[in-house]
Amino acid sequence: MNKSIIIVMVLTFFGTLFLQAANAGDITIEMLNKRSDGEKMVYSADIARVESGTTITWIPTSKGHNVHFIAGPDGWDLPKKSKNNKEVSITFDVPGVYLYQCTPHATMGMIGLVVVEEGGEVPLNDVSKAKVRGKSKKKLKELLGEL
Ligand SMILES: [Cu+2]
């Protein structure tokens, strides 16, 4: 085997260890024009259930989407909506239910929930009063029904 291949393998191995050390529970969600189940203008996960302290990174796999939080538990400041086509990472330290949408596709059902639990408990703050539009109204009802 040539030396450079071995060096790449060694670096990859330690790089992987380093990433796992960051936080084993961290996850990514993709912004998609079409999902494997055929749904259009969606996030790869409609509901993300995570432990408190988890960082979620949204990846702009398809162009033209963003991440815009519109509701969350008390004591959490809504972050600014992200720029279209940009990766965004948010760490969730406050347990509860969070609702976000894609600004350009807010009426097309492109919404998602983040459910943050702590020690197996999820305080279910009510995000059903948040203003969602068009097809997102029905989808929000469906998603809340799954909690
Ligand atoms: Cu979108």
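Since every read-out is calculated from the coordinates, none of them should be taken as a lab result. Computed from a predicted model, the values in this text were never measured in an experiment. Cβ atoms come from the backbone with ideal geometry, glycine included; neighbour counts cover every protein chain shown.
Run Asn85 past the list (1) in contact with a Lys or Arg (Cβ under 8 Å, 6 or more places away or on another chain); (2) within 20 Å of Met31 (Cα to Cα); (3) not in a loop (DSSP other than H, G, I, E, B) and report the number of the one that doesn't hold.
Unmet for Asn85, out of (1) in contact with a Lys or Arg (Cβ under 8 Å, 6 or more places away or on another chain); (2) within 20 Å of Met31 (Cα to Cα); (3) not in a loop (DSSP other than H, G, I, E, B): (3).
Under 9 Å between Cβ atoms, at least 6 apart or on separate chains: pull out the pairs that start in segment 58-81 with a residue that is in contact (Cβ under 8 Å) with a residue 40 or more places away in the chain and over 18 Å from Val132 (Cβ atoms) and end on any residue that is within 16 Å of the ligand (Cβ to nearest atom) and assigned to a loop (DSSP other than H, G, I, E, B).
Gly64/Asn84; Gly64/Asn85; Gly64/Cys102
When the residues of segment 20-72 are filtered to those that are among the aliphatic types (A, V, I, L, M), within 16 Å of the ligand (Cβ to nearest atom) and in a strand (DSSP E or B), which remaining residue is surrounded by the fewest Cβ atoms within 10 Å (Cβ to Cβ)?
Within segment 20-72, the subset among the aliphatic types (A, V, I, L, M) is 21-22, 24, 27, 29, 31-32, 41-42, 45, 47-48, 50, 56, 59, 67, 70-71.
Pick out the ones that are also within 16 Å of the ligand (Cβ to nearest atom) and you get 29, 31-32, 41-42, 45, 59, 67, 70.
Still in the running and in a strand (DSSP E or B): 29, 31-32, 41-42, 59, 70.
Details: Ile29: 20, Met31: 28, Leu32: 19, Met41: 20, Val42: 25, Ile59: 15, Ile70: 18.
Of everything passing the filter in segment 20-72, Ile59 is surrounded by the fewest Cβ atoms within 10 Å (Cβ to Cβ).
Would you mind telling me which numbered condition in (1) closer than 23 Å to Ala24 by Cα; (2) touching a residue at least 40 places away in the same chain (Cβ under 8 Å); (3) assigned to a strand (DSSP E or B); (4) not basic (Lys, Arg) Thr91 fails?
Failing condition for Thr91: (2).
Considering only residues of segment 74-113 that are over 15 Å from Thr57 (Cα atoms) and of a type in the set (Val, Ile, Thr), which is nearest to the ligand (Cβ to nearest atom)?
Selected residue: Thr103.
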